[in-house]
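Here the structure comes first, spelled out in structure tokens, and everything after it is commentary.
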Amino acid sequence: MKKFFAITLGILTAIGGFVDIGDLVANSEAGSRFGMSLAWVVFVSVLGICVYAEMAGRVAAVSGRPVFDLVRERLGPRVGLLNLAGSYLVTVLTLGAEIGGVALAVELATSVHYLLIVPIAAFVAWVVLWRVRFETIERVFGLLGLTLVVFVIALLKLPTDWAELWHQARTPAPSGQENWGTYAFAGVALFAAGLTPYEVFFFSSGGVEERWTAKDLAVTRANVFIGFPLGGLLSLALMATATVVFHPVGVRIEDLGQTALPVALALGKLGLAVAILGFFAATFGAAMETGLSAGYTVAQYFGWSWGKRLKPREAARFHVVVLVSVLLGVAALATTIDPVLLTETTLVFSAVVLPLTYLPILVVANDRQYMGEHTNGRFGNLLGVLYLIIILVVAVAAIPLTVMTGMGG
């Protein structure tokens, strides 16, 4: 059991990265519009986040410092500040969307309008971020998020044509009324969702919170290579159930209630209740990730004391940043923007700032001053450079595709 709990950091990070509020709908929408023809993007993004999360976790374990803490020292204050500005903006907007996602999940269960729930959800999230131990957060919400495996069960119960799903998955092209522009935009959004900057900031900072050392490299890799593929599996299950139920009839998913419908059809009210619990756990867990990541990045850049391992009064500025970030997220929701639309918008910004996040990780992971004998090997560098090229292409393409397709049409 102790060994199992050791990988809950990776599970929480992956669920928050692959099945947060935007991904819950985006993966289902991709299935309803394109079938399984975008499944390859999920595989590519899972491998990419595994490559860079392994580097980030190794840096934290060997140096005792999270990645962002080393960015300013290694690359200078100007590059670090540019990284901080872009990453913090994306993280705070995502935090607001996750709080909205929690409210939407509660709305599904109670029929109370989500905007009335937002202040309560934000207050509860802040209290948990302020008072609850890091290990408790990662274990409770990481494990509760696994209830989304109900989508895998639903896929097995639905009248699924597995040969057709496989045919769609190995045919990466738009179908029906879709075109290559909307297909490419959806692919960029799914890729950016799998490699959102806050994932590596949270994961490496979490490793420091848990006091990883070089002796814990096996634990670090277990978190990466079990947690992230598991998140990818859940996102594929969301895409596949939507493909089975919605794609044949040309219905496009646009809200969280529609995302849950395949589970309700396959497993009835009990399945729906479990799906709603999974929605709540995944979005609340993602709110924990983004809230802490906002505090981590600012505090680490300015050299302040930070982290849940310290008493709140010992890391007061860190907790002030977390509180301000929650308030800014709520302020974004106060404009009445739909939380799903807010998250999908942040994915575009996320795609643009990805190079600022992942280049420093690759640089630090090759620095013998910090890493000693644990620097990247040739294969790790080959994958790192390959994915950095992909990330640069995605960053360049994100804005033009957004404009050309009207944000995916």
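Please list 142-154, 268-280, 97-109 highest first by mean number of surrounding beta-carbon atoms within 10 Å per residue.
97-109, 142-154, 268-280
Taking the Cβ of Leu272 as the centre, find all other residues whose Cβ is under 15 Å away and add up their charges (Lys, Arg: +1; Asp, Glu: -1).
On the way: positive: Lys157, Lys269; negative: Glu107, Asp255.
Net local charge, Leu272 excluded: 0.
On C-alpha positions alone, give me the angle between the axis of helix 217-245 and the longest principal axis of the chain, in degrees, nearest 10.
20
Could you work out what % of the accessible surface of the chain is carbon and sulfur, using a 1.4 angstrom probe and leaving DNA, RNA and ligands out of the count? Mind showing how you got there, number by number?
Numbers: 11020 of 16080 Å².
After summing per-atom areas, the C and S share lands at 69 percent.
Sort the range 275-409 into rounded, prolate or oblate with this rule: let a ≥ b ≥ c be the square roots of the eigenvalues of the Cα gyration tensor; rounded if a/c is under 1.5, and if a/c is not under 1.5, prolate when a/b is larger than b/c, oblate otherwise. Before the final figure, lay out each step's value.
Details: a/c = 2.05, a/b = 1.08, b/c = 1.91.
It is oblate, given that a/c is not under 1.5 and a/b is not larger than b/c.
Want the number for Asp161 to Glu73: 0.36 nm per residue separation, take away the alpha-carbon distance, what's left?
Details: separation 88, 0.36 × 88 = 31.68 nm, distance 5.39 nm.
Contour length minus the Cα-Cα distance gives 26.3 nm.
To the nearest 20 debye, what is the magnitude of the charge dipole of the range 208-268 about its Cα centre, counting +1 on the Cβ of each Lys and Arg and -1 on the Cβ of each Asp and Glu?
Numbers: 4 positive and 5 negative charges, 41 e Å.
For the range 208-268, the charge dipole is close to 200 debye.
Could you state the accessible area per residue of the chain in Å², with a 1.4 Å probe and every protein chain left in place?
39
Mind pulling the angle between the C-alpha long axis of helix 197-209 and the longest principal axis of the chain? Nearest 10 degrees, somewhere in 0 to 90.
So the inclination is approximately 50 degrees.
Would you calculate, for the chain, the mean residue ellipticity at 222 nm contributed by helices, counting each DSSP H stretch of 4 or more residues as -39,500 (n - 2.57) and dividing by all residues, to the nearest 500?
Working: 18 runs with 323 residues, N = 409.
Taking each H run of at least 4 residues, the total per residue is -26500 deg cm²/dmol.
For helix 378-405, what angle does its Cα long axis make with the longest principal axis of the chain, in degrees from 0 to 90 and rounded to 10?
The angle comes out at about 50 degrees.
Which of rounded, prolate or oblate describes the chain when judged by the alpha-carbon gyration tensor and an a/c cut-off of 1.5? Mind dumping the intermediate values first?
Working: a/c = 1.56, a/b = 1.31, b/c = 1.19.
Prolate, since a/c reaches 1.5 and a/b exceeds b/c.
Given a cut-off of 16 Å, what percent of all Cα-Cα pairs of the range 278-351 lie beyond it? Could the numbers behind the result be given before it?
Values: 1570 of 2701 pairs.
Tail of the P(r) past 16 Å holds 58 percent of the pairs.
The values are calculated or read from the model by the stated rules, or taken from the named source; none is laboratory data. Bear in mind that the values here come from a model prediction, so they are computed numbers and not experimental data. Every residue, glycine among them, receives a Cβ derived from its backbone with ideal geometry; neighbour counts consider all protein chains shown. Please note that ligands, DNA and RNA were not included when accessible areas were found on the heavy atoms of the full protein model with its side chains. Shrake-Rupley method; radii C 1.70, N 1.55, O 1.52, S 1.80 Å.
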